[in-house]
Each structure stands twice: as structure tokens, then as C-alpha cells.
Amino acid sequence: APRAGGGATPPPPPVAPAARGARESAAAVTGSPSAVSPSEIAALCERRANGAHVLWRKELNLGDGVVKLLVVEARRTASGALQLIAMARADQGIVLHWATISEPAGEWMAPPHGWESFPANSWGTGGASWETEMEPVAGAPGWVAATIEAPLRDDGLVFVLRTEDNKHWVKDEGQDFMVFEDERRSNADVRALVKQRKEEARRAKKRADEEAKRRRKEDGRKSGSSRSGGGGTVTVAPVKMPEKPAVVTRKEWSDDDIRLHEGAMGAAGAAHGIAHGSVDRICGAEEGATRSLMHRYNAGSDLLPGCRSDGEAGMVAMAVWFRFMALRQLVWNNDYNIKPREISAAQLKCTEQLARIHRDDASLRDVTRLIMATIGRGGEGDVGQRIRDEILAVQQTNNCKGGMMEEWHQKLHNNTSPDDVPICEALLKFIAADCDINVYWDHLHANGIDAARMASYDRKICSEPSFKPDQYEGLTRDLTEYLRTLKAVHSGADLDSASEAVLGYHQDACKGKEINVPPIDEVATPRMRELLHSARGFRDLNEPLHSLEAMLEARRELWQWTRPGGTDNARLKDIIYLDLALESAVRQVVEGALGSMSRRAPVDVLKITGLALENLALSTGGNDELVICLREWRGIVAAAMSGGTDWALQAKAITDRVQNALGECSGRYIGALQATAGAMGGALGVDGHVLDIFSEEIVRGTAAAPLSQMLRALDPVLREMAHMGAWNIISPVEASGVVEVVDDLKEIQTKTYAVPTILVSRRVGGEEDIPQGVVGVITPDMPDILSHVSVRARNEGCLFATVFDAGKLAEMERLAGQAVKCVPSSSADDLRVEPIAGGAASLGAAPGGGGG
């Protein structure tokens, strides 16, 4: 079919709308519109798509105007172009009036070079917009359609409809129709956005005026010198970055460069026993460590050389101890008044030692990163003291000296802790929600803080916050700045704070003390600034692919310092913390995007999976298998981008290989950590449930978790494209038992089976235990390989299999009450089920079973 586009050759001269009006208008309304069903319209759209993958579609009833019904589809073509299909039921000929936009409610822009239209008859309007005639749809009397394809990734298409006589214009309830890849952006409320932007501009101007006034006043009384957190005298000037993040172009890195033969958790001795000397020394120091976090960090610094001399098992003991602290299982403060600067200095002493071990001892890389992730970066000089000083300024400036704010001030003055970060965040969310107290508590509860914990502080927080509307703007400004101060001390793995520590930042004077953290010159290059700006910017825009590309590119740039034996630097600790923050941010971005994976183009899902795989390879020692899979995965992405589905079977083989590597990783962590956690936890009075799932929860917090989640999302797609079998066996163990059918595994957690039982459970969430006496679980659900139930099944030698075929599931359910033997295939993608001649009597007692 002919097409017109924005290439080098201009489209043919348009036929004037008036000249073709009678003929095409008549064609557009010929026949009976009611004869076309919704399913037929969907099929016609599919025919126009020419193989493009659907992103989303919507159908709009526009009432009794010239356009009665409108179907809009967004698709992604094999070449990566954004495709718009607009199909309308109309009383007369219709013209599509369109352009491109970079954001909802943004300015209309001319389409980029290389766009195409169908039908070919399109013409420019003299401005940014173009127009395309909507042609009659064969087989759908009364319907007209047009298709636009443009090489757009982040930008979108925008359009309205008009009649050929130019008398009627059709909009989406008064606003333009928008088509972005993301349906939520496409359905944004333009009027609300415009109103919001005007209000933000007004507030920004007001803040700028106030800031200029404050700076003039400050300059008038300054002597010309400034003080810094590091003792320097030069004020760090902010580097202006573009308002919008830019899509990064990745370098051609060699995957072999990140191959590590050692450093994997459990590979250097921790899996073979407990370092009892280190455990005893840590438990002996615990009583003194309860006085304050300063005492705990100082004790950690003093104990660290001894733990290191005990090898990996000794470092695991240190990791378990600090993890218990982070989980709030140990006392943080026992009626001891500590200055914040003393806490941050103690942190710094500890983390500087750990940074040296991270660089100098490749065999301890994984366990050292685990310890560092539980501790804030720390600081020196005025960085810690500012926590005390700045909260007073916040209260005075905003007239909030009583109630909850005063109680929090007293706690901060007496003994600041990592809890203060989510408390500050909760206050900001509370204000943004017009003082909705439920929003405040929801954020605290999500971070493990409830009213009882706040009342348990040495300086209790018992009141709830309450502010007046005229305090909102000032408190938002000042608490946002205060949050930077808190994170600088307590949040090592926070991406915003870790980025500032490397790129450099300035905070204005508070009680005469400025903070000036200089950039790390070798690291804070223009390239790194661009990468971190894009990583955070696209993260905030909910654009996971571009955000992850920037994050992984930044981690590659940091590799020369973060690899074992890498380039040394006086501020190596800050560089490692930035790498840890990027690793953690990848997990957060992937988890936030999982719900949208089914709507994304398969190529994008493959790319995101590859980035999650690269993230794990950069984060773990002993990564030979992961690097091999990463290199092969790049070939899969290239094949998928070229079209066709021949790559799907090979992709499934690689994902199976990665699944095995993840299972081994999980096993290594559990083998290295769990015994030490049990020994130390019992001595320190740690909650039993925390101990039971201690190692599993650590694994689910590592870079392995987002990769496991992506594989779970990708598996059904690959199976369908590769026409694969009906089974995926997570724990491939041969099992014999009596079949029992249940609706939900969660409902029978406390049941004990007297005979070996194979459960056919219609629902498995992932957090369940395997009931006593159960030797196999078969389900249509597919928890990821690192979920609690998957880990327990593998550890307990229990068959755990997902069945995708409804017929196979029905066959298993029909075996209820019968004794069967289940034998997984060697490739773990098929299950042979055969009856046992002797029935249940031949099975004997269930392992650990009792009365059922």
C-alpha cells in the first residue's frame, strides 16, 4: 500500500479536501454501521497494524456528533517506530490533524524524519502539524481510518479530528488525544497538568525571589570565606544540568572485563562452618554496643580486623550482626545522649575500613558489600552536627516548635538514627497529601516504624503531626533540604544522596556552618553527571528502560574503582557507596515496572532482562556463568530486534541456565549465612521468625531478585513463542504420594499429612511454607525462583512444578485420592505422572507427618 512520510522525498501533492468531499464522504457512510461488531473492528485494526505489537487500545463513545465512535490503538513496529491507528465511525469525511509531543500537555512539534502515513495522502499545515485523510475501511461501512508511524521512543503523537468542510473539530472531552507508549501518560488530564505547571511556575518564582533576597542578605554579612564538611574553604558551585534527562548511548563494553573468579558468597569458607571466635567476640561486645549507634559502630571498627583474620566466616559474623541491627532486632540506644557528628564519625571509621577490604581482598567482595549496605556512609566535621542545628532552623523558620515536631527535635538532639530518614519522608508525604494522617502512617509502617516503636525512643514521639496550609510551602522546602542532611549520614545506598557525595554538593550556612562536599574529580566527569542525571530523571518519569540503561552504564564507568584490586582513590568509600546505590536502584526500578511488562514490546522486556542480568554480574563474585549468559543474551536481543521468533527457543535455554545460576546463588547465601545467624541470633535474643527467613530475605534484597522477577515475567512469553511444553519445574525432585486438590496453599499452612501427599494447588502466592507431609506441589501459578516457597521446596527436597496447560491441570485434579509417582524430565520442562499399583498403602508414613 502507498505511504507518505517525512523522508527525503516529500509526499505527493494532496488532494484538496473540498474536491474529494462528495465521493469520499459518501463512501464513508455507505451501508449499515450497526452491522460491524467490536470484534470485527479489532480484527480490522490488527490487519492495518502490519504485524506491529499492540501496546494499548481504547474505544470511545463520542455521542451524537459527527464522529460517533472512535477506536485508538498504540503499537510498536518491528523497526521500533510508534504506530497510531485511529478508526472512527462518522457521518462524513474526516481528517486526522496531528503532530508529536514530548510530554502530556506539551507543545506540538513537527514529526521526526522517517515518519509514514497510511493512506499516503498527507499534507503539512504550515506549522508543526500535519494532516492525513482518513480512508473508508473495507468491510466496515460507515468507518474511516488512518495509520501514522513515527520513529519515536519517549515522545508521543497528538491529534484531533476535523470534518473535511472544516466546520467541526472533535477532541477528547475538550483536550487533545495523546498517544504515548505508556497508556497512563496518554490518558493524562491535560487541564490539571497545565494548572499544576502554572502553579509550580508561580511557586518557583516566589522561591527564587526569596532565595535571591536571602543570598543578598547573606552576602552582606559574609566575610568571604566559607566552611565545609571536609574542612575546605571553597564553596562548591552547582553544575547546571538540562531540565529533561537524555537517553544515553552505551559504550561497547567487553563483558569479559567484569568476569570475577572469586568473591562469591560462601565460596571462601563460610559455607563450611561458623567462626565461633568472631561470634563470641561480637556477642561479648553487644552489651556495650546497646548504649548508642556510635558505640556499635566503634565496636564494629574494633572487631573488624579480628573478623577478617577469621576469613569469610568471620566477616559473615560481622554481616549478620549489622543485619540484625538494620532489622531493629538489637537496641539502638539505651538512654545515652550522643551528638550526631559522633555517630557519623564512628560510621566513617567503620566504612573506610570496609572500603579497603572491598578493594584489597577479592575473596571477601560479596560479604563486604553486604556489610556496607547495612551502614550509612558517615561523614566528618559539620556533616553530622548539622542534623542537630538544622532541625532548630526548620522549626524557627516555619513556626512549628510544639507537638510532634518538638518531640522529634528532642529525639534528633539526643540520638539520631536511620529511623529519622523515613520519619522526614513521612512528614513530606503528609504535607503533600494536605495533612492526611493515613498517608503519614502508611509510609512509616512500610518502613517498619509504628506508634509503639516511636514511643520506645529515649525521647519519645507520641504526638501526630499537624500543620496549617500556610506552613506547607516553607516546610516542604526546608524538610526536603533537611532530608539531604539525614541521608548524607544514614542512607549509604540512597541514589540521590550517594550521587551528591561523588558529584559534590553545597548546603547553605546553618548556625554559621556551610557544607561543601567537593566532587571526586576523576569520577565526577561530565559523562558521569549525564548518566546519573538520566538515571534519576527517567526513574522519576517511570521510564524503566532508559533509567536502567543509564544506571548500568554508570556502574560500568565505576568498574575501574569498584573491581577487586581496582584504581585507588582517597574517597573510595563514596565511590563504592554510589555503586551500591545504583545496584539497589535497579531493583527498585524493575520492581516498580513489573506490572507493565505484559504491555511492553517483547524487545524492551528482553532488554530490561539483560540489564538486570548485567546488574547481577557486576554485583557478585564468581560470576563466570552469568557473564557467559550475558554475552549470549546480547545476541538474543539483536535477533529479536531484527524480527521473527526463531530466537525464542534459544532465549528460553539461556533463561533456564540463568535460573540454575540463581538457584545456586540462593543456596550459597543460605549455606554461608544461616548457621551463623542461628548461633548469634539465639545468643542475642533475635525473634525466631526473623531467624527462620533470615538468609532468604537477604537474597531477596540482592541484585538476584530483580533478575528472578524479570525471568518470571518473561517465561510465559517465551514458552508461547517457542511452542514449548506444559511444565516448568522449579524443584525437580522425584516424588510419590497421594494427590490432594486445594484451592490455595495459604489455607492449609498448619495442616499435617500422615501419608506422603502431592498437592495440586490452584493458587500459590510465593510466601507460603510447604506443609508437613507434603512431598510435591503442582500449581498453575509461577512464583519466582527466589520466592520463599521456591526456596523451601528446594531446601526440603520437595517437588515443585508449574503447569501451564489447563488440560494437564485438569488431568492432575482428576487423580485426587490416588497414589501417583511424579518423575521430572532431565531438562525440567516435563513431568511424567504414573499411578502406583499398591496405592496409598505402599507409600508408608509421610516425612515428619503425623495425624492429618
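Look through segment 557-568, keep the residues that are open to solvent by 10 Å² or more (accessible area, probe 1.4 Å) and not hydrophobic (A, V, I, L, M, F, W, C), and return whichever of them is nearest to Glu252 (Cα to Cα). Step through it out loud before you land on a result.
Start the filter on segment 557-568 by keeping residues that are open to solvent by 10 Å² or more (accessible area, probe 1.4 Å), which leaves 557, 559-561, 563-565, 567-568.
Filter once more, so that each one left must be not hydrophobic (A, V, I, L, M, F, W, C): 557, 560, 563-565, 567-568.
Values: Glu557: 12, Gln560: 16, Arg563: 18, Pro564: 22, Gly565: 23, Thr567: 21, Asp568: 24 Å.
Within segment 557-568, the match that is nearest to Glu252 (Cα to Cα) is Glu557.
When segment 85-122 is limited to residues that are polar (S, T, N, Q) and under 31 Å from the mean Cα position of the chain (by Cα), the one that is farthest from Leu44 (Cα to Cα) turns out to be Ser102. Please go through (1) closer than 25 Å to Gln396 by Cα; (2) at pLDDT 90 or above for Ile515 and return the number of the only condition it doesn't satisfy. Here Ile515 meets the rest and fails (2).
Every residue, every condition in (1) within 20 Å of Ile258 (Cα to Cα); (2) open to solvent by 20 Å² or more (accessible area, probe 1.4 Å); (3) polar (S, T, N, Q), yes or no:
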site: Ala570; (1), (2), (3): no, yes, no
site: Leu580; (1), (2), (3): yes, no, no
site: Thr609; (1), (2), (3): yes, no, yes
site: Ser619; (1), (2), (3): yes, no, yes
site: Asn623; (1), (2), (3): yes, no, yes
site: Ser642; (1), (2), (3): no, yes, yes
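Restricting the first member to segment 424-439 and to residues that are on the phi > 0 side of the Ramachandran plot, and the second to residues that are surrounded by 14 or more Cβ atoms within 10 Å (Cβ to Cβ), the beta-carbon pairs closer than 8 Å and six or more apart or on different chains are Cys435/Pro465; Cys435/Ser466; Cys435/Phe467. Take Arg388 and tell me if it is open to solvent by 10 Å² or more (accessible area, probe 1.4 Å), assigned to a helix (DSSP H, G or I) and under 23 Å from Pro238 (Cβ atoms). Considered against the rule, which asks whether it is open to solvent by 10 Å² or more (accessible area, probe 1.4 Å), assigned to a helix (DSSP H, G or I) and under 23 Å from Pro238 (Cβ atoms), Arg388 comes out as no.
In segment 156-169, what residues are open to solvent by less than 50 Å² (accessible area, probe 1.4 Å) and closer than 26 Å to Pro112 by Cβ?
Just the residues of segment 156-169 that are open to solvent by less than 50 Å² (accessible area, probe 1.4 Å), to begin with: 156-164.
Within segment 156-169, Gly156, Leu157, Val158, Phe159, Val160, Leu161, Arg162 meet the criteria.
If you go through segment 172-197 and keep only what is outside any loop (DSSP other than H, G, I, E, B) and within 15 Å of Trp108 (Cα to Cα), you end up with Gln175, Phe177, Met178, Val179, Ser186, Val190, Val194. Among the residues making up segment 782-814, those that are surrounded by 17 or more Cβ atoms within 10 Å (Cβ to Cβ) and in a loop (DSSP other than H, G, I, E, B) are Met782, Pro783, Asp784, Ile785, Leu786, Ser787, Cys798, Phe804.
One residue stands out among those in segment 518-531 that are assigned to a helix (DSSP H, G or I) and farther than 13 Å from Glu549 by Cβ: the one that is most open to solvent (accessible area, probe 1.4 Å), which is Pro526.
If a residue must be open to solvent by 30 Å² or more (accessible area, probe 1.4 Å), within 19 Å of Asp830 (Cα to Cα) and part of a helix (DSSP H, G or I), how many such residues does segment 713-733 contain? Walk me through how you get there before you give the answer.
First, the residues of segment 713-733 that are open to solvent by 30 Å² or more (accessible area, probe 1.4 Å): 713, 716-717, 720-721, 723-725, 732-733.
Now narrow it down to the ones that are within 19 Å of Asp830 (Cα to Cα): 716-717, 720-721, 723-725, 732-733.
Imposing the further condition that a residue be part of a helix (DSSP H, G or I) reduces the set to 716-717, 720-721.
Going through segment 713-733 one residue at a time, the tally reaches 4.
From the residues in segment 579-629 that are of a type in the set (Gly, Ala, Ser) and not in a helix (DSSP H, G or I), which one is nearest to Asp496 (Cα to Cα)? Among them, the one singled out is Gly621. Exactly one residue out of Asp508, Asp540 is of a type outside the set (S, T, N, Q), open to solvent by 10 Å² or more (accessible area, probe 1.4 Å) and either more than 30 Å from Leu606 (Cα to Cα) or modelled with pLDDT of 95 or more (or both), and it is Asp508. A count restricted to segment 426-471 and to residues that are under 17 Å from His409 (Cβ atoms) and touching a His at 6+ places or on another chain (Cβ under 6 Å) stands at 1. The residue pairs whose first member lies in segment 44-68 and is open to solvent by 30 Å² or more (accessible area, probe 1.4 Å), whose second member is among the basic types (Lys, Arg), and whose beta carbons are closer than 8 Å, counting only pairs six or more residues apart or on different chains, are His53/Arg75; His53/Arg76; Val54/Arg75; Asn61/Lys68; Leu62/Lys68; Lys68/Arg89.
Taking each residue of segment 447-467 that is of a type in the set (Lys, Arg) and assigned to a loop (DSSP other than H, G, I, E, B) and looking for partners that are modelled with pLDDT under 90 and open to solvent by 50 Å² or more (accessible area, probe 1.4 Å) with beta-carbon atoms closer than 6 Å, six or more apart or interchain, yields Arg459/Gln410.
The set of residues in segment 625-640 that are open to solvent by less than 40 Å² (accessible area, probe 1.4 Å) and either more than 26 Å from His261 (Cα to Cα) or under 18 Å from the mean Cα position of the chain (by Cα) (or both) comprises Val637, Ala639, Ala640.
Here's the yes/no breakdown for (1) of a type in the set (D, E, K, R); (2) at pLDDT 90 or above:
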site	(1), (2)
Lys251	yes, yes
Leu260	no, yes
His272	no, no
Leu293	no, no
Ser301	no, yes
Gly311	no, yes
Trp321	no, yes
Asn333	no, no
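Test Ser223 against the stated conditions and say whether it is part of a loop (DSSP other than H, G, I, E, B), out of contact with any Lys or Arg (no Cβ under 8 Å at 6 or more places or on another chain), surrounded by 15 or more Cβ atoms within 10 Å (Cβ to Cβ) and at pLDDT below 80. Answer is no for this residue. Sub-7 Å Cβ pairs linking a first residue in segment 158-185 that is on the phi > 0 side of the Ramachandran plot to a second residue that is open to solvent by 40 Å² or more (accessible area, probe 1.4 Å) and modelled with pLDDT under 85, at least 6 apart or interchain, number zero.
Assess whether Val658 counts as being assigned to a helix (DSSP H, G or I), open to solvent by less than 50 Å² (accessible area, probe 1.4 Å), under 25 Å from Leu370 (Cβ atoms) and in contact with a Cys (Cβ under 9 Å, 6 or more places away or on another chain). Before you say what the answer is, go through the steps one by one.
Numbers: assigned to a helix (DSSP H, G or I): yes; open to solvent by less than 50 Å² (accessible area, probe 1.4 Å): yes; under 25 Å from Leu370 (Cβ atoms): yes; in contact with a Cys (Cβ under 9 Å, 6 or more places away or on another chain): yes.
When the stated conditions are applied, Val658 passes them.
Of all residues in segment 306-344, those that are free of Cβ contacts under 8 Å to residues at least 40 places away in the same chain and either open to solvent by 10 Å² or more (accessible area, probe 1.4 Å) or among the polar types (S, T, N, Q) (or both) total 3. For segment 142-151, the criterion of being more than 22 Å from Thr77 (Cβ to Cβ), modelled with pLDDT under 90 and either touching a Cys at 6+ places or on another chain (Cβ under 8 Å) or not aromatic (Phe, Trp, Tyr) (or both) is met by none of the residues. Say whether the condition of being outside any helix (DSSP H, G or I) and farther than 20 Å from Leu630 by Cβ is met by at least one residue in segment 695-712. Yes, some residue in segment 695-712 is outside any helix (DSSP H, G or I) and farther than 20 Å from Leu630 by Cβ.
Go through Ala493, Ala498, Ala488 for me and flag whichever is part of a loop (DSSP other than H, G, I, E, B), surrounded by 21 or more Cβ atoms within 10 Å (Cβ to Cβ) and either at pLDDT below 90 or in contact with a helix residue (DSSP H, G or I) (Cβ under 9 Å, 6 or more places away or on another chain) (or both). Please lay out each step first, then the result.
Numbers: Ala498 fails: part of a loop (DSSP other than H, G, I, E, B); Ala488 fails: part of a loop (DSSP other than H, G, I, E, B).
Selected residue: Ala493, the only one of Ala493, Ala498, Ala488 that is part of a loop (DSSP other than H, G, I, E, B), surrounded by 21 or more Cβ atoms within 10 Å (Cβ to Cβ) and either at pLDDT below 90 or in contact with a helix residue (DSSP H, G or I) (Cβ under 9 Å, 6 or more places away or on another chain) (or both).
Let's see how each residue does on (1) open to solvent by 60 Å² or more (accessible area, probe 1.4 Å); (2) of a type in the set (S, T, N, Q); (3) more than 24 Å from Ala346 (Cα to Cα):
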{"residue": "Asn414", "(1), (2), (3)": "no, yes, no"}
{"residue": "Pro422", "(1), (2), (3)": "no, no, no"}
{"residue": "Ile431", "(1), (2), (3)": "no, no, yes"}
{"residue": "Arg453", "(1), (2), (3)": "no, no, yes"}
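Residue pairs whose Cβ atoms lie under 8 Å apart, sitting 6 or more positions apart in sequence or on different chains, and linking a residue in segment 89-107 that is open to solvent by less than 10 Å² (accessible area, probe 1.4 Å) to a partner that is at pLDDT 90 or above and among the aromatic types (Phe, Trp, Tyr), are Ala90/Trp143; Leu96/Phe159; Trp98/Trp130; Trp98/Phe159; Ala99/Trp130; Ala99/Phe159.
The values are calculated or read from the model by the stated rules, or taken from the named source; none is laboratory data. Only a predicted model underlies this, so the values are computations on that prediction, with no experimental measurement involved. Note that we place each Cβ from the backbone using ideal geometry, even for glycine, and neighbour counts take in every protein chain shown. Surface areas here come from the heavy atoms of the whole protein model, side chains and all, with no ligands, DNA or RNA. Shrake-Rupley method; radii C 1.70, N 1.55, O 1.52, S 1.80 Å.
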